[in-house]
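Okay, so here's the structure we're looking at.
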Amino acid sequence: MSRRLILFNILLLLAAGLLAWQLRQQWAQERDRELALFRYRAKPAPVQPLAPLPRPTPFEAALYAEVAQNNLFSRDRNPNVIVETIVPPPPPPVPPFPVARGVMLWEGVPPTIVLSERAGGPQKGYHPGDKIGPWQVTALDSRYVTFAWNDKQFKKRIDELLDNTPVETVPAPPSAANAAAAPKPPQSANLSNSNSAVGADTGGGNRSCVAGDNSPSGTIVDGYKKNVVDTPFGHQCFWQAVK
């Protein structure tokens, strides 16, 4: 038994010695590694030069328009001013011209043109300066009549304005021979028994004749003398105040 114990103890000593030698070797390796790590000097990499910074662009106010447009408190938020174009209304259409029955340009009688506002309507004599509907007579001669409307002048031929609606014609005055043979009608201030009647006032101290008036020219009624004259448009009848 003692020899076995001795042998076993020897083996244990050998194993302990081997273990101590391995530990010594590992410690030595770690120490050498640590020393080598402390002694190592890394070579720095070459430093590349820094690129120069780009120069800032000059300040331009137009580049900040979007900032102003998105700023609710900026007065110039919306620089695009919408200009509303107001289209003027079209001019009013020219009203229909009056229709003419004739014109009277005789010595002692003011220039008179007989007009109606529409064909077949009531007729009346008008002088320069008178108004008929929207029109105003401004000038008159034997061929032309000038109307004014809406600050515009319209010169029209009288034959273009003639009313072709048939009207009751006034009987022609008796011829000179028949007038000399026939007795003259009584000249009085009021012929209540005759068929004569004075029509509407046409201006200038004249009045129109009434349809159906068959009294001869020269008849005086209520201070007016009847005149029947021949014109290029036929017989024209009017009453003139007796002066």
Checklist entry - Among all residue pairs at least 6 apart or on different chains, which show Cβ distances below 6 Å where the first residue, located in the stretch 228-243, is farther than 17 Å from residue 201 by Cα and the second is modelled with pLDDT of 75 or more and not hydrophobic (A, V, I, L, M, F, W, C)? => result 231/102; 233/102
Next on the checklist: Anything in the stretch 184-218 that is touching a Phe, Trp or Tyr at 6+ places or on another chain (Cβ under 9 Å) and at pLDDT 80 or above? List them, or say none.
Outcome noted: 209
Next on the checklist: Which condition from (1) closer than 30 Å to residue 206 by Cβ; (2) of a type outside the set (Gly, Ala, Ser); (3) without any contact (Cβ under 8 Å) to a residue 12 or more places away in the chain is the one that residue 114 breaks?
Outcome noted: (3)
Checklist outcome for this item: Only one of 41, 4, 24, 31 is without any contact (Cβ under 8 Å) to a residue 40 or more places away in the chain, exposed (fewer than 10 other Cβ atoms within 10 Å of the Cβ) and not in a loop (DSSP other than H, G, I, E, B), namely 4
Checklist entry - Among the residues of the stretch 53-75, is there at least one that is assigned to a loop (DSSP other than H, G, I, E, B) and surrounded by 11 or more Cβ atoms within 10 Å (Cβ to Cβ)? => result yes
Checklist entry - Here are some conditions: (1) within 26 Å of residue 240 (Cα to Cα); (2) loosely packed, with under 12 Cβ neighbours inside 10 Å. Residue 152 meets all but one. Which one does it not meet? => result (1)
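The values are calculated or read from the model by the stated rules, or taken from the named source; none is laboratory data. These numbers come from a predicted model, not from an experiment. Every residue, glycine as well, gets a Cβ built from its backbone with ideal geometry; the counts of neighbours run over all protein chains shown.
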